[in-house]
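Student: Let me begin by handing over the structure; questions about it come next.
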Amino acid sequence: MGKESNYSEKKGYFGEFGGRYAPEILHDALVELESTYTKLKKNKQFKKELEYYRKNYIGRPSPLTYAERLTKAWGGARIWLKREDLNHTGAHKINNTIGQVLIAKAMGKTRIIAETGAGQHGVATATVGAMFQMKTVVYMGDEDLRRQELNAIRMRMMGATVVGVSSGTATLKDATSEAMRDWALNVADTHYIVGSSIGPHPFPTIVRDFQSVIGIESRKQFQKTNGKLPNVVIACVGGGSNAIGMFYGFIKDKKVKLYGVEAGGYSSEPGSHSATMAFGRTGFLHGTKTLVIQDEFGQIVPAHSVSAGLDYPGVGPEHAHFHKSGRVKYANVGDEAALDAFLEVCRIEGIIPALETAHAFRFAKDLAKEMGKKEDILICLSGRGDKDVAEVARLRKGEFT
Amino acid sequence: MSAISSAFSSEKSVFIPYISLGDPNYESCVTWADALIKGGAGILELGIPFTDPVADGPVIQKAFKRALAHPFSMKKILEITAEIHRLHPEIPLVYLTYFNPLYSMGLDTFAEIAKNSGIQGLIIPDLPYDTPEAEEFFTQLEKRKIDFIHLVTPATTEERIQSMKSLATGFIYYVTSYGVTGERRALSEGLEDRIKMVRKKVALPVCAGFGISTVDQAKEISTYADGVIIGSAIQKIIEENGNNSELCAKKLFEYASGIRSSMR
């Protein structure tokens, strides 16, 4: 792993970002988590167990698909897809929950909690909760519960308790705050499975490590198929867990251009987007120092995106660092453009992508046109869009009903 | 001796009530503060509203939401603080706030204006002492003789309490139970021993807060704690009566008097 990685593991910071800015009641739990994880990741049995579940439960390695028809339609670079949508539960989130539930088990915890936006992390947590027979509670904003009802039902079917959060904007930010409060109360028997590369140290490192399987596999698969590396790698960024996982496979390959795509919402006005890199400034949210969308007084401005999973006013601290160092370029794509890309991928490739991923597709489309036919773009298809079909149908006013 | 230290100079345990500034409006908060001080507050804690108060329970979350329904202004916060200070210059005022609004303003600027408004101490639940920013902030506060008050919880190790000593002044805010702010029926076991241990380690007064609401609880805790902090129970009175200023002030005064008279 690169220089950034060594720094983060030593200090809990990525450049100036990261750290541990959590309420004092959580401090010891974070220290325990850090020390357990540090030991486990060198432990052969743990690695073997993780590998077992990756292969036999998640279904890894996920395929690398050449998107022949998209390549033709977009008329430029070749398009390749890393198929995290084909994982068990339908998204990359399970890579992290499997890893974290094994840590929770090692710490002797009997209860797991999570926050969720689009519900994919909630489903992945409910899944490992059932699999490892742990009491599971998932916090989800009321607005997201409306948008992603199907996922709430899936969680409940697997035995999880889904708690609606009505405070604030009733979205991911508020679900995260509520999960932190639950953890503060029940820290003795509960592990909080943070779902993105956010939160106080060591969460951003742990989530990145478990998600880096995406990038490491992709690099091998691409190299094997093409005898070279892709020219460009693209992933969508909310908190940024699929992106950090994908980028980590290529971070040392300086010739590979990395792009993170955030949600541009419906305008650049505060409250109508989730484009943290473009509009955020350094601040402190949910236990970490990172870029945050905030007003002149340091109050957090509500985020917006058509995709519940990108609807977050902060970003993982390691992404903030990559943005500052320039290693990764960040762009944003608006709601309508993402919806268009969503339908385009459905029709052209026969794949219903998550609305989150649709942002990455749209950015790829524009970039592909500027690139040569012998160049390659690899997109992280972070999850499938079954959860989004009702919302898309609603937004496109009955076109599909 | 700082104003906060002198508040602990008698044999009495200090009553420290809390209010969220701006709930339901800024002007009313002067009335609430006045009632609580007249009722027996020895130090007053003032909450600066924040959109994402992760260490607070539903009562204070709702108070912040009501406060933030008006356009938020740090200038207004500081003006109201100065007004309370002008009315009761003998009562130390302490801010309880999250770090982002202070960082956003600039630590040096904030410390300077807070001092001029009469603030004598700061409590920041999401700024642990072992961060680069806490160290920097401590220097800014020390210059202006503002106390940096740290939280210790039932989960905090003795080693960590010891290390906190170099950056802690004023008093220690001892969190009586796991979780966030709000009323609870039972207090954690071994509270008295923990408080004595913290006092010995840090050599500062130790005040207990989180989950204290009744006269009986305040009476018991005051026998061994240097102060008793009550937030949510007071904020609840404001939530229920805040729109009737006179009635609310009366209820706050009665509640504060009841608590104060039960305490050592």
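The values are calculated or read from the model by the stated rules, or taken from the named source; none is laboratory data. Everything quoted here is computed from the prediction, not taken from an experiment. Using ideal geometry, Cβ is built from the backbone for each residue, glycine included, and neighbour counts are taken over all protein chains shown. Just the protein is used for accessible areas: all its heavy atoms, side chains included, with ligands, DNA and RNA removed. Shrake-Rupley method; radii C 1.70, N 1.55, O 1.52, S 1.80 Å.
Student: Place +1 on the Cβ of every Lys and Arg and -1 on the Cβ of every Asp and Glu in the stretch B:14-262, take the dipole about the Cα centre, and give the residue among B:GLY40, B:HIS85, B:PRO205 whose Cα lies farthest towards its positive end.
Tutor: Going by the Cα projections, it comes out as B:GLY40.
Student: Using only the Cα atoms, work out Rg/Rh for the protein assembly as shown, with Rh taken as the Kirkwood radius, to two decimals.
Tutor: 1.00
Student: Please list, in order along the stretch A:21-37, the HN-Hα scalar couplings obtained from phi with the Karplus expression 6.51 cos²θ - 1.76 cosθ + 1.60 (θ = phi - 60°), rounded to whole Hz, x for Gly and Pro.
Tutor: Each residue of the stretch A:21-37 in turn: 10, 9, x, 3, 4, 8, 4, 5, 5, 5, 5, 4, 4, 4, 6, 4, 5 Hz.
Student: Net charge around A:GLN148, counting only other residues with Cβ within less than 14 Å of its Cβ (Lys, Arg = +1; Asp, Glu = -1)?
Tutor: Numbers: positive: A:LYS93, A:ARG146, A:ARG147, A:ARG154, A:ARG156, A:ARG384, A:LYS387, A:ARG394; negative: A:GLU115, A:ASP142, A:GLU143, A:ASP144, A:GLU149, A:ASP311, A:GLU356, A:ASP386, A:ASP388, A:GLU391.
Charge balance near A:GLN148 sits at -2.
Student: With a 10 Å cut-off between alpha carbons and a GNM built on chain B, which of B:THR31, B:THR157, B:THR51 moves the most?
Tutor: In this elastic network of chain B, the residue with the biggest mean-square fluctuation among B:THR31, B:THR157, B:THR51 is B:THR157.
Student: Moving on. Counting only protein heavy atoms and using a 1.4 Å probe, what share of the accessible area of the stretch B:14-262 belongs to carbon plus sulfur, as a whole percent? Mind dumping the intermediate values first?
Tutor: Details: 4670 of 8950 Å².
Summing carbon and sulfur atoms, their accessible area is 52 percent of the total for the stretch B:14-262.
Student: Got a sec to turn the phi values of the stretch A:230-240 into Karplus ³J(HN,Hα) couplings, 6.51 cos²θ - 1.76 cosθ + 1.60 with θ = phi - 60°, whole Hz, x for Gly and Pro?
Tutor: Using θ = phi - 60°, the values come out as x, 7, 9, 10, 10, 8, 7, 9, x, x, x Hz.
Student: Taking only C-alpha pairs under 8 Å that are 6+ residues apart, what is the relative contact order of the stretch B:14-262 in percent? List each step's numbers first, then the result.
Tutor: Numbers: 458 pairs, mean separation 58.2, N = 249.
Relative contact order of the stretch B:14-262: 23 percent.
Student: Can you spot the lysines whose alpha carbon is less than 24 Å from B:LYS38's alpha carbon? Ignore those fewer than 8 places along the same chain.
Tutor: Cα-Cα hits under 24 Å: B:LYS12, B:LYS76, B:LYS115, B:LYS219, B:LYS236, B:LYS250, B:LYS251.
Student: State, to one decimal in nm², a quarter of the convex hull surface area for the C-alpha atoms of the stretch A:29-161, i.e. the direction-averaged projected area.
Tutor: Values: hull surface 41.3 nm².
The directionally averaged projection comes out at 10.3 nm².
Student: Just to confirm a number: summing +1 for Lys and Arg and -1 for Asp and Glu over residues other than A:MET134 whose beta-carbon lies under 12 angstrom from that of A:MET134, what do you get?
Tutor: Summing Lys/Arg as +1 and Asp/Glu as -1 gives +3.
Student: So who's got an amide H within less than 5 Å of the one on B:ASP126, skipping anything under 5 residues away but keeping other chains? H placed 1.01 Å off N, in plane.
Tutor: Result for B:ASP126 returns B:PHE99.
Student: Indicate, rounded to the nearest 5 percent, the antiparallel portion of the DSSP beta bridges found entirely in the protein assembly as shown.
Tutor: Working: 15 of 77 bridges.
Antiparallel bridges make up about 20 percent of those DSSP assigns within the protein assembly as shown.
Student: B:CYS29 accessible area, nearest 10 Å², 1.4 Å probe?
Tutor: 0 Å²
Student: Let me ask something additional. If I take the Cα coordinates of the stretch B:6-69 and project them onto the principal axes, what are the three extents in Å, biggest first?
Tutor: Per principal axis, max minus min of the Cα coordinates gives 41, 26, 16 Å.
Student: Something else about it: Size of the dipole of the stretch B:14-262 about the Cα centre, Lys and Arg at +1 and Asp and Glu at -1 on the beta carbon, nothing else charged, in debye to 20?
Tutor: Numbers: 25 positive and 31 negative charges, 71 e Å.
Dipole size: approximately 340 debye.
Student: Based on alpha-carbon atoms only, what is the radius of gyration of the stretch A:237-308 relative to the globular estimate 2.2 N^0.38 Å? Working shown, then result.
Tutor: Values: Rg = 13.7 Å, N = 72, 2.2 N^0.38 = 11.2 Å.
For the stretch A:237-308, the normalised Cα radius of gyration comes out at 1.23.
Student: What are the DSSP H helices in chain B that stretch 24 Å or more along their long axis, judged by alpha-carbon atoms, and whose average Kyte-Doolittle hydropathy comes to at least -1.0? The partial results should precede the final answer.
Tutor: On the way: long enough: B:245-262 (26 Å, -0.18).
Span-like helices in chain B: B:245-262.
Student: Could you run the Karplus curve 6.51 cos²θ - 1.76 cosθ + 1.60 with θ = phi - 60° over the stretch A:192-208 and give me ³J(HN,Hα) per residue in whole Hz, x for Gly and Pro?
Tutor: In residue order, the calculated couplings are 8, 7, 5, x, 10, 7, 10, x, x, 3, x, 4, x, 6, 4, 4, 4 Hz.
Student: Connecting C-alpha atoms closer than 10 Å in a GNM of chain B, tell me which of B:ILE237, B:ILE149, B:ILE19 has the biggest fluctuation.
Tutor: Result: B:ILE237 has the largest fluctuation of those listed.
Student: Among A:ALA179, A:SER167, A:GLY238, which residue has its Cα positioned farthest towards the positive end of the charge dipole of the protein assembly as shown, with +1 placed on the Cβ of Lys and Arg, -1 on the Cβ of Asp and Glu, and the dipole taken about the Cα centre?
Tutor: After comparing all options, I get A:GLY238.
Student: Springs between alpha-carbon atoms under 10 Å, Gaussian network over chain A: tell me which of A:SER325, A:SER196, A:SER274 tops the mean-square fluctuations.
Tutor: Between A:SER325, A:SER196, A:SER274, it is A:SER325 that shows the largest mean-square fluctuation.
Student: Compute the accessible area per residue over chain A, keeping the other protein chains in place, probe 1.4 Å, unit Å². Show your work: numbers first, answer last.
Tutor: On the way: 14130 Å² over 401 residues.
For chain A, the solvent-accessible area averages 35 Å² per residue.
Student: Bin all alpha-carbon pair distances of the stretch B:1-149 at 10 Å intervals from 0 and give each bin's fraction as a whole percent.
Tutor: Cα pair-distance distribution for the stretch B:1-149, in percent: 11, 43, 37, 9, 0.
Student: At 222 nm, what value in deg cm²/dmol follows for chain B if DSSP H runs of at least 4 each add -39500 (n - 2.57) and the sum is divided by all its residues, to the nearest 500?
Tutor: Details: 12 runs with 128 residues, N = 264.
Taken over chain B, the calculation gives -14500 deg cm²/dmol.
Student: In addition: Calculate I(q)/I(0) for chain B by the Debye formula, one identical point scatterer on each C-alpha and no solvent, and give its log10 at q = 0.16 Å⁻¹ to two decimals.
Tutor: Summing over Cα pairs of chain B leads to -1.24.
Student: Now, a different point. Please work out the Cα convex hull volume for the stretch A:71-226 and give it in Å³ per residue.
Tutor: On the way: hull volume 21.8 nm³, N = 156.
Dividing the Cα hull volume of the stretch A:71-226 by its residue count gives 140 Å³.
Student: Here is a further query. Over all directions, average the projected area of the Cα convex hull of the stretch B:139-196 and note it in nm².
Tutor: Numbers: hull surface 19.6 nm².
Approximately 4.9 nm², given one-decimal rounding.
Student: Same structure again: Counting only Cα atoms, I'd like the Rg/Rh figure for the stretch A:138-216, Kirkwood definition for Rh. All intermediate terms of the calculation are to be shown ahead of the outcome.
Tutor: Working: Rg = 13.8 Å, Rh = 13.8 Å.
Ratio value, two decimals: 1.00.
Student: Related question: Rounding to the nearest 20 debye, state how big the charge dipole of chain A is about its Cα centre with +1 on each Lys and Arg Cβ and -1 on each Asp and Glu Cβ.
Tutor: Working: 54 positive and 44 negative charges, 398 e Å.
Dipole size: approximately 1900 debye.
Student: To continue, here is another question. Ignoring ligands, DNA and RNA, what percent of the 1.4 Å accessible area of the stretch A:287-382 is carbon and sulfur? Walk me through the numbers on the way to the answer.
Tutor: On the way: 1470 of 2880 Å².
Summing carbon and sulfur atoms, their accessible area is 51 percent of the total for the stretch A:287-382.
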